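Reading through the structure tokens given below for one structure.
The values are calculated or read from the model by the stated rules, or taken from the named source; none is laboratory data. Keep in mind that this is a model prediction, so the values were computed, not measured. Cβ placement follows ideal geometry from the backbone for every residue including glycine, while neighbour counts extend to all protein chains displayed.
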Amino acid sequence: MPISFSEKNKTFHLDTEHTSCVMQIGPSGELRHLYYGASIASGDDLSSFARRRDRAFSPYPESLTANESLNIANLEISSFGSGDFHNTAIRLQKQNGSSVTSTVYSSHTIRKGKAPLPGLPASFAPEKQCETLEVVMKDSFSDVRIVLRYSVFENSDVIARSVTIVNPGPEPVRIEKLMSAQLDFESSEYDMVYLQGKWARERHAVRVPVHPGMQGFRSARGSTGHQYNPGIVLASRSASERTGEVFGMLLLYSGSYAVEVESDEYQALRAMIGINDETFCWRLEPGAEFHSPETLLVFSENGLGGLSRQYHSFLMEHVIRSPWKHVRRPILVNNWEATYFEFDDRKIYELARSAASLGIEMLVLDDGWFGKRNDDRSSLGDWFVNTRKLGNLGKLVEKINRLGMKFGLWFEPEMISEDSDLYRKHPEWVLSVPGKRRSLGRSQMVLDMSRKEVVDYLFETIAGILHSANIEYIKWDMNRNLTEIYSASLPAEQQGEVAHRYVLGVYELHERLLNEFPNLLIEGCSGGGGRFDAGMLYYVPQIWCSDDTDALERIPIQLGTSLFYPSSTMGAHVSVCPNHQTHRTVSFRLRGDVALAGTFGYELDITALGEDEQKQIREQIGRYHQFNDLIREGNFYRVTENFGLDDVSAWCWVSADRKEVLMTAVRSSDSPCAQSPVVRLRIPGLDPGLIYRMQDRPFAMHGSTLMNAGINASEDLRGNAVSVLYHLKAE
Ligand code: DGJ
């Protein structure tokens, strides 16, 4: 049984196939964290793990002794103002002005399956694959109930956590802070591994030792943002790609979030993840409840690679809902870098025609098809076809469909230009403090997605366009962050809700569009990869990784992204050289090999290519068809350490039966003093007893040899910016 409760020890035991999590109702009703890690037997008494130290200069609940201070306990949820002096997870302000909060066990239930989280993305599973524990805690300073929810996915080694606050009344309370999950450790001997970036350099992996004091990262952008990603790994100091104990926390949320890590005076460690309280507070009326976003907890003793694969398969099976997730996506060509705003129906048709002749399967019309938009200063919000540029969209799409090509269209639903009919009609629909200074980003403002009428308007206009032509894909862009977060439709005491309500509005719009168009393929995007998160993946199966399509720069972006997210979610394309972002020229071959690791497509003027490049496109498309099933469904391994930040990087996919492998290796720069003069690549994940044959060379070796001794790739990787694919099959 994945979840059990021992009445004798007041202990909950949560078990997945390879992990256990144990917690206990403490002497003052607090929920103490006893253990999370590799599987242990249930029934053994771990009570002695409940306390960190015997003495503390810390107050304690009056029913307890000095040694039972909450400040020296490992807790499942910590509360503000009642004896835990760390950063705490929950702070509720009552009508008397006090924010003192304390959570005390009240009851619990264990049930099969998992309920959805209203309005929020959440993992799902058939009843037999998941069991849920709900521990109801009561605030000692009000009637509020705090429901801690643990859904145990036994076969996936994942525990999904979320918190619901229920206010039975009689007075409203203000939720000032609510983290989704907390992990307390008795030692700080860990490294933090997380993703940091900026525009055109998204999600580079960072690894730093935990140091004494507070640390962490967050977004206050109203969106996930380019800067960090809402997930953290705590890795034992010696953990590598293949070995070592690692703990992951990944938030299903696309708004402002915070990751708080604190190593205290006892070198004990607390990590928490949830909504960023800087831009959040919520007035909870009597009778109402509030749901935190969900966090996915993963433990692996197989290093960072093991953790990544657990997240990948979990997201594929239990988070991404799209019917496209297990399907080979159409190879697309996007006109953005080919034309920017300079196009008409003839040019778009020409692109489609050339693309079709090469085997490309979908034309995506990017920014500039609507309103009177010919640059980035107007028309966002006016989702009506610019007929002067395009004529009749339905007819154009029909012509393109007749070429055997699908058609996709760009939208930026959440934005509005000052120069737009929509703004002239509804200036109050903009997020801003009325009458005060406001900020622009790319000349545009942000729609108040907390307003129902805004979501209704967007649904109706976007659905209208989608019904008007055979549009099978949309690219959902979002090109600025939120500032002056204020809604003219909410009263003063609810302004702290706007940022979260915005995200709920975005999710609602997605939900409504997907209900109306269940087979629509949506690619998320945000000025490149500024909103790449597990919350979004609940609605879209793929997200554009970055506007930086330079093949070499894409390697750390894609390998960083792979810390949490599977290959099939990464929008990756071949673009023209010199590259528009880096001005670098690398071979067409390398560009194709790197883009193969994602959804695959082209971002260039297909009509302007020479014969050699056209030939290479045909070859690349052949490789895509040959390998995409393996890439999408196989197990992903980072073959080299350091997430693509070294001179030589390699990664591979291994089929579930371990009989087929595709490995990509790249050398970005070479010199007589290169970091790795001899490149030996040990291929992980194979069956040691099988013999693997290289598909295009006379080469065969045992799995054990390939895994432990590896192959010498030095000759294949001579020079700068070179790549090679190794395709192996077991006999
Ligand atoms: C940012 C996206 O990342 C680009 O691919 C392109 O769609 C532009 N926006 C269009 O404005």
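Selection of the stretch 541-553 for residues being within 14 Å of the ligand (Cβ to nearest atom) and not acidic (D, E) yields Q542, I543, W544, C545, S546, T549. When the stretch 130-171 is filtered for residues that are in a loop (DSSP other than H, G, I, E, B) and under 16 Å from T295 (Cα atoms), only D157 remains. When S357, S308 are checked against the criterion of being of a type outside the set (F, W, Y), more than 14 Å from G408 (Cα to Cα), part of a helix (DSSP H, G or I) and free of Cβ contacts under 8 Å to residues at least 24 places away in the same chain, S357 stands alone in meeting it. Within the stretch 330-354, being in contact (Cβ under 8 Å) with a residue 60 or more places away in the chain, outside any loop (DSSP other than H, G, I, E, B) and either of a type in the set (G, A, S) or touching a strand residue (DSSP E or B) at 6+ places or on another chain (Cβ under 8 Å) (or both) holds for L332, V333, N334, W336, E337, A338, L351, S354. Can you work out which of the residues in the stretch 601-640 that are out of contact with any Phe, Trp or Tyr (no Cβ under 7 Å at 6 or more places or on another chain) and within 16 Å of the ligand (Cβ to nearest atom) is nearest to F314 (Cα to Cα)? The selected residue is G601. Within the option set F247, F290, F299, being under 23 Å from L431 (Cβ atoms) and part of a strand (DSSP E or B) holds for one residue only, F290. Touching a helix residue (DSSP H, G or I) at 6+ places or on another chain (Cβ under 8 Å) and of a type in the set (F, W, Y), is that true of Y624? Judged against the criteria, Y624 is not a match.
Any residue in the stretch 322-329 that is without any contact (Cβ under 8 Å) to a residue 12 or more places away in the chain and more than 16 Å from the ligand (Cβ to nearest atom)? Yes, the stretch 322-329 contains at least one residue that is without any contact (Cβ under 8 Å) to a residue 12 or more places away in the chain and more than 16 Å from the ligand (Cβ to nearest atom).
Across the stretch 397-417, the qualifying residues are those that are in a loop (DSSP other than H, G, I, E, B) and touching a strand residue (DSSP E or B) at 6+ places or on another chain (Cβ under 7 Å), and the one among them that is farthest from the ligand (Cβ to nearest atom) is M405.
The condition of being assigned to a loop (DSSP other than H, G, I, E, B) and modelled with pLDDT of 95 or more holds for only one of P684, P677, P672, that being P684.
Annotation note: Cβ proximity below 7 Å between a residue of the stretch 544-558 that is free of Cβ contacts under 8 Å to residues at least 24 places away in the same chain and a residue that is within 15 Å of the ligand (Cβ to nearest atom) (sequence gap 6+ or interchain) occurs for no pair. Annotation note: of V166, V210, V193, the sole residue that is surrounded by fewer than 19 Cβ atoms within 10 Å (Cβ to Cβ) and of a type in the set (V, I, T) is V166. Only one of the listed residues (R174, R207, R201) is at pLDDT 95 or above and assigned to a loop (DSSP other than H, G, I, E, B). That residue is R201. Scanning the stretch 562-598 for residues that are within 18 Å of V648 (Cα to Cα) and hydroxyl-bearing (S, T, Y) yields S562, S587. Going residue by residue through the stretch 488-501, is there one that turns out to be among the aliphatic types (A, V, I, L, M), farther than 21 Å from R437 by Cα, away from the ligand (no atom under 16 Å from the Cβ) and part of a helix (DSSP H, G or I)? Looking for residues that are among the aliphatic types (A, V, I, L, M), farther than 21 Å from R437 by Cα, away from the ligand (no atom under 16 Å from the Cβ) and part of a helix (DSSP H, G or I), one finds none in the stretch 488-501, hence no. Applying the criterion of being of a type in the set (A, V, I, L, M) and in contact with a helix residue (DSSP H, G or I) (Cβ under 8 Å, 6 or more places away or on another chain) to the residues of the stretch 662-689, the residue that is nearest to V648 (Cα to Cα) is V666.
Take D157 and tell me if it is within 25 Å of F49 (Cα to Cα), in contact with a helix residue (DSSP H, G or I) (Cβ under 7 Å, 6 or more places away or on another chain) and modelled with pLDDT of 95 or more.
Spelling it out, D157 is indeed within 25 Å of F49 (Cα to Cα), in contact with a helix residue (DSSP H, G or I) (Cβ under 7 Å, 6 or more places away or on another chain) and modelled with pLDDT of 95 or more.
Within the stretch 520-535, restricting attention to residues that are within 8 Å of the chain's Cα centre (by Cα) and more than 17 Å from E412 (Cβ to Cβ), the residue that is nearest to the ligand (Cβ to nearest atom) is D533. For first residues located in the stretch 708-723 and β-branched (V, I, T), partners that are assigned to a strand (DSSP E or B) and lie 6+ apart or on another chain with Cβ distances below 8 Å form the pairs I711/R680; I711/L681; I711/M701; I711/Y726; V722/V666; V722/R667. Report every pair of residues separated by at least 6 positions or lying on different chains whose Cβ atoms are under 9 Å apart, first residue within the stretch 103-118 and within 17 Å of P27 (Cβ to Cβ) and at pLDDT below 95, second in a loop (DSSP other than H, G, I, E, B) and polar (S, T, N, Q). Listed by first residue and then by second, the contacts come to nothing, as the list is empty.
Of the numbered criteria (1) surrounded by fewer than 20 Cβ atoms within 10 Å (Cβ to Cβ); (2) in contact with a His (Cβ under 8 Å, 6 or more places away or on another chain), the one A125 fails is (1). Please count how many residues of the stretch 513-543 are touching a helix residue (DSSP H, G or I) at 6+ places or on another chain (Cβ under 8 Å), free of Cβ contacts under 8 Å to residues at least 60 places away in the same chain and either crowded, with 24+ Cβ neighbours inside 10 Å or not aliphatic (A, V, I, L, M) (or both). Final tally of qualifying residues: 4. In the condition set (1) of a type in the set (S, T, Y); (2) in a strand (DSSP E or B); (3) away from the ligand (no atom under 16 Å from the Cβ), Y565 is compliant with all but (2). Do we have any residue at all in the stretch 418-440 that's part of a loop (DSSP other than H, G, I, E, B), more than 25 Å from the chain's Cα centre (by Cα), within 16 Å of the ligand (Cβ to nearest atom) and surrounded by 19 or more Cβ atoms within 10 Å (Cβ to Cβ)? Yes - at least one qualifying residue is present in the stretch 418-440.
Within the stretch 361-383, residues that are farther than 19 Å from I471 by Cβ and more than 10 Å from the ligand (Cβ to nearest atom) reach partners that are of a type in the set (K, R) and assigned to a loop (DSSP other than H, G, I, E, B) with beta carbons closer than 8 Å, at six or more positions or on different chains, in the pairs S378/K372. Quick one: is F5 assigned to a strand (DSSP E or B), over 31 Å from the mean Cα position of the chain (by Cα) and either surrounded by fewer than 20 Cβ atoms within 10 Å (Cβ to Cβ) or among the aromatic types (F, W, Y) (or both)? It is true that F5 is assigned to a strand (DSSP E or B), over 31 Å from the mean Cα position of the chain (by Cα) and either surrounded by fewer than 20 Cβ atoms within 10 Å (Cβ to Cβ) or among the aromatic types (F, W, Y) (or both).
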